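Each remark here refers to the structure printed beneath this line.
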Amino acid sequence: MSTWLSLSNLNGYRTSLIIPIQLDGDGALTRIEWNSVEPSGTKIKIETRLTFDNGLTWTDWKSCTNGGSIPDISSNTSIKLALLQYRSFLETEVSNLTPMLNEVVFFFEPVIHFRNVGDVKVRPEVWIIKVGNGDFSIINTSNGNSEFKFVNLIDQETLYVNGEREQIDTSLAATYRYSNFNDNYLELPVGDNVLRVVGKAKIQFRYRNKLKQG
């Protein structure tokens, strides 16, 4: 749908179609970028709005920054039923000059969100079932991008990692995976932990929050 306003002032806006997001994960790391040509005296602004219940209710329109995150989506915002819409405002102060919006690109990276409500950091137990051959890693963006990584895993191989005991077991016979590991066990510091997953696998975690003895 296109709506052009204030024609005498050479300003207007265009509204996009509704865009489905609908990704698994506890939330997502996001980014919006656009490519435009804006001669002196012209300007382009982008706003977005979202629905998280498949269109029943919508957020207010919010301004975006080129290269910045998408408003209203955080690391613990479920986007399984999310839809997005954007609108672009084209403004000019010169009658023979018009800004041009070439493209708008949205980036979404689903993440896992943990909140450690204890008093000290913990190392969880992790079960990994690899999907396809290759590497697999979990990056804790809340812990200095610390990376827990295995290389050269086998399709359908199951790994069990106990961070507290520094124990690694694999479902493959007569195989040890310590040499495939970067020796950096996954840690969850106190507070929010936002985990990026690189590589295809099914993952399960188990951990206990720890409290200091008073």
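Condition check ((1) in the same structural domain as residue 155 (by TED's automatic domain parsing); (2) within 21 Å of the chain's Cα centre (by Cα); (3) modelled with pLDDT of 95 or more) across all residues:
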site	(1), (2), (3)
73	no, yes, no
78	no, yes, no
88	no, no, yes
94	no, no, no
125	yes, no, yes
131	yes, yes, yes
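Residue under question is residue 103, and the condition is that it be acidic (Asp, Glu), modelled with pLDDT under 95 and surrounded by fewer than 15 Cβ atoms within 10 Å (Cβ to Cβ); does it hold? So residue 103 does not fit the description; no. Considering the range 28-78, and only residues there that are β-branched (Val, Ile, Thr) and in contact with a Cys (Cβ under 8 Å, 6 or more places away or on another chain), the residue that is nearest to residue 97 (Cα to Cα) turns out to be 46.
Here is a list of conditions, (1) aliphatic (A, V, I, L, M); (2) at pLDDT below 95; (3) part of a loop (DSSP other than H, G, I, E, B), and residue 111 meets all of them except one; can you say which number that is? Unmet for residue 111, out of (1) aliphatic (A, V, I, L, M); (2) at pLDDT below 95; (3) part of a loop (DSSP other than H, G, I, E, B): (3).
Step by step: first the residues of the range 34-64, then only those that are among the β-branched types (Val, Ile, Thr) and within 22 Å of the chain's Cα centre (by Cα), then the one that is farthest from residue 79 (Cα to Cα). Which residue is that? Restricting to residues being among the β-branched types (Val, Ile, Thr) and within 22 Å of the chain's Cα centre (by Cα), the top hit is 46.
Quickly run through the range 12-69 and pick out the residues that are assigned to a loop (DSSP other than H, G, I, E, B) and of a type in the set (Ser, Thr, Tyr). Correct list: 16, 40, 57, 59, 65, 69.
How about the range 152-167: which of its residues are under 13 Å from residue 128 (Cα atoms) and either of a type outside the set (Ser, Thr, Tyr) or without any contact (Cβ under 8 Å) to a residue 24 or more places away in the chain (or both)? Can you show your working first?
Going through the range 152-167, the residues under 13 Å from residue 128 (Cα atoms) turn out to be 153-162.
Within the range 152-167, 153, 154, 155, 156, 157, 159, 161, 162 meet the criteria.
Can you tell me which residue among 95, 75 is in contact with a His (Cβ under 7 Å, 6 or more places away or on another chain), hydroxyl-bearing (Ser, Thr, Tyr) and in a loop (DSSP other than H, G, I, E, B)?
Working: 95 fails: in contact with a His (Cβ under 7 Å, 6 or more places away or on another chain).
Exactly one residue qualifies, and that residue is 75.
Contact map, the range 171-199: residues that are without any contact (Cβ under 8 Å) to a residue 24 or more places away in the chain and of a type in the set (Phe, Trp, Tyr) paired with residues that are in a strand (DSSP E or B) and crowded, with 17+ Cβ neighbours inside 10 Å, Cβ distance under 8 Å, separation 6+ or inter-chain. Pairs shown: 176/168; 176/170; 178/168. When 115, 206 are checked against the criterion of being exposed (fewer than 15 other Cβ atoms within 10 Å of the Cβ) and touching a Pro at 6+ places or on another chain (Cβ under 8 Å), 206 stands alone in meeting it.
The values are calculated or read from the model by the stated rules, or taken from the named source; none is laboratory data. Because the structure is predicted, anything quoted here is derived from the model rather than measured. Every residue, glycine among them, receives a Cβ derived from its backbone with ideal geometry; neighbour counts consider all protein chains shown.
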